[in-house]
Amino acid sequence: MSDVVEKTLTALPSLLSLDSQPGSTKLSSTSKLGTLIRGITELTSKHEEEKLIQRELTSIKEQVSSPNTSMRQMKELMVRAIYCEMLGYEASFSYIHAIKLAQQGTALEKRVGYLAVSLFLNESHELLLLLVNTVLKDLQSTNLIEVCMALTVVSQIFPKDMIPAILPLVEEKLNHPKEIIRRKAVLALYKFYLIAPNQVQHIHNKFRKALCDKDPGVMTASLHIYLQMIQENPEGYKDLTTSFVTILKQVVGGKLPMDFNYHSVPAPWLQIQLLRILSLLGKNDQSTSEIMYEVLDESLRRAEMNHNITYAILYECVKCIYTIHPKSELLEKAAKCIGNFVLSPKINLKYLGLKALTYVVQQDPKLALQHQMTIIECLDHPDLIIKRETLELLFRITNAQNVTVIVEKMLEFLRINKDDYTTIDLVGKVAELAEKYP
């Protein structure tokens, strides 16, 4: 535990610049935040912690209320207040001071002020209205850092009713020469779309521009919006299928900068997002599905089973293949992939395989029958969660031909099971099958 505390104390100064010494890499033992963290870790009971935090909050309240407290000191007090709130203790007296710090401080002090506001307040909090003018001013600033901070807080919390006031400024930032600003602007618009979709309907063409942005980060950010919009109306975005397929081909082919790689896997989270989008576009649509067959085959081939993140890609790829209009060759490869998951000695992979089969069964129960005996063998696995998932899957693939074998396996499991929840659930399943196949 002490190692964790030391690492935390080492990291905090570089994030929040709490040290008075420029270039210092450790949180000073005399720093009040450092003293607070060390004090808490040395306590032996919750009661002692409550007493210590209450004393700390009383001290912070007195100092933030003092007219002699400088902005630099206020910054340090806000960080201590954030820490107390993170531990579950209310520091509501500091909320207004966090807003003032965001309004009046230097760039670094504003950063801490914005951070505190985003952690302290929610979108419906009445104090948030006091921040609107500050956000408007910072969005128009020539200082890149201030614009970034304003866009960040807008994409986290912002009053729904005040979106029209800043929407034109956020739209403007989609054409900013700096890619980080364009990316943050896209994420802010995504937030607006989630909380007030009608207010951003008129800028859908600008979303398309973001999708074609030369910076991969901006393009990736736009996929969040497209995934949401396609979930609501797949038909309206069929014309973009070729664009999404082209992007996925480039990603799988390693055409993106190395910065996007994770354990040598090219942009895995981007791949997962694109596969989810393609599954929505190709569902019950043969012509659209045919456009994506080649890239899905390539994704399966390149995502070798050698790391957790590639397992996630394979899982999404399998789900996509079973969702879109079927192609026999792809279905065979996906089935083989699921089989490898289920037969894996690793518990997490076995569970992933069972979850994939559960998804497959929801599309068509017959598709999972080829794995029937493999699934039944999972009942002998020592892990309770694997057993529960297996029982759920067996229940879903039961038909008139295999009902006797499956119910016998369920009854065998009931005799040795000691978990009440599983027993109740399983008895209900057996009874339901007995009614369905008398």
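The values are calculated or read from the model by the stated rules, or taken from the named source; none is laboratory data. Every value quoted in this text rests on a predicted model; they were computed, and no experiment measured them. All Cβ positions, glycine included, derive from the backbone under ideal geometry; neighbour counts span all protein chains shown. In case anyone asks, the SASA skips ligands and DNA or RNA and just uses the protein heavy atoms, side chains included. Shrake-Rupley method; radii C 1.70, N 1.55, O 1.52, S 1.80 Å.
Pairing each residue of the range 319-330 that is without any contact (Cβ under 8 Å) to a residue 24 or more places away in the chain with any residue that is crowded, with 18+ Cβ neighbours inside 10 Å and in a loop (DSSP other than H, G, I, E, B), provided the two are 6+ apart or on different chains, yields no C-beta distance under 8 Å.
In the range 27-35, is there at least one residue being within 34 Å of the chain's Cα centre (by Cα), part of a helix (DSSP H, G or I), at pLDDT below 90 and among the β-branched types (Val, Ile, Thr)? Scanning the range 27-35, I find at least one residue that is within 34 Å of the chain's Cα centre (by Cα), part of a helix (DSSP H, G or I), at pLDDT below 90 and among the β-branched types (Val, Ile, Thr), so the answer is yes.
Counting residues in the range 366-385 that are of a type in the set (Gly, Ala, Ser), in a helix (DSSP H, G or I), open to solvent by less than 80 Å² (accessible area, probe 1.4 Å) and closer than 20 Å to Leu275 by Cα gives zero. Here Ser289 does not fit the description of being of a type in the set (Gly, Ala, Ser), surrounded by 15 or more Cβ atoms within 10 Å (Cβ to Cβ) and within 30 Å of Asn198 (Cβ to Cβ).
Scanning the range 77-108 for residues that are over 12 Å from Leu36 (Cβ atoms), assigned to a helix (DSSP H, G or I) and among the hydroxyl-bearing types (Ser, Thr, Tyr) turns up Ser92, Ser94, Tyr95.
Within the range 32-89, the set of residues being of a type in the set (Asp, Glu) and more than 22 Å from Leu101 (Cα to Cα) comprises Glu42, Glu48, Glu49, Glu50.
Does Glu435 qualify as being of a type in the set (Asp, Glu), more than 34 Å from the chain's Cα centre (by Cα) and modelled with pLDDT of 85 or more? Yes; evaluated as a whole, the condition is true for this residue. Residue selection: Val407 satisfies the criterion of being open to solvent by less than 40 Å² (accessible area, probe 1.4 Å), assigned to a helix (DSSP H, G or I) and over 30 Å from Ile324 (Cβ atoms). Residues considered: Ile375, Ile338, Ile385. Of these, the only one that is of a type in the set (A, V, I, L, M) and closer than 20 Å to Glu304 by Cβ is Ile338. For Thr142, the test of being among the hydroxyl-bearing types (Ser, Thr, Tyr), open to solvent by 60 Å² or more (accessible area, probe 1.4 Å) and more than 17 Å from Ile195 (Cα to Cα) is passed.
Among the residues making up the range 335-360, none is open to solvent by less than 10 Å² (accessible area, probe 1.4 Å) and part of a loop (DSSP other than H, G, I, E, B). The sole residue among Val112, Val4, Val79, Val64 that is at pLDDT below 85, of a type in the set (A, V, I, L, M) and closer than 27 Å to Gln156 by Cβ is Val4.
Only one of the numbered conditions (1) part of a loop (DSSP other than H, G, I, E, B); (2) surrounded by fewer than 16 Cβ atoms within 10 Å (Cβ to Cβ) is violated by Phe158, and that is (2). Scanning the range 118-136 for residues that are closer than 12 Å to Ala165 by Cβ and exposed (fewer than 14 other Cβ atoms within 10 Å of the Cβ) yields Leu129, Asn133.
Could you tell me which residue of the range 294-310 is modelled with the lowest pLDDT, considering only residues that are out of contact with any Lys or Arg (no Cβ under 7 Å at 6 or more places or on another chain), surrounded by fewer than 22 Cβ atoms within 10 Å (Cβ to Cβ) and not acidic (Asp, Glu)? Taking the candidates together, the pick is Met305. Can you run down the residue pairs with Cβ atoms below 6 Å, 6 or more apart or on separate chains, where the first is in the range 156-185 and closer than 17 Å to Phe207 by Cα and the partner is surrounded by fewer than 18 Cβ atoms within 10 Å (Cβ to Cβ) and among the charged types (D, E, K, R)? So the pair list comes out as Leu174/Lys206; Glu179/Asp215. When Leu87 is tested against (1) in contact (Cβ under 8 Å) with a residue 40 or more places away in the chain; (2) surrounded by 19 or more Cβ atoms within 10 Å (Cβ to Cβ), exactly one condition is not met: (2).
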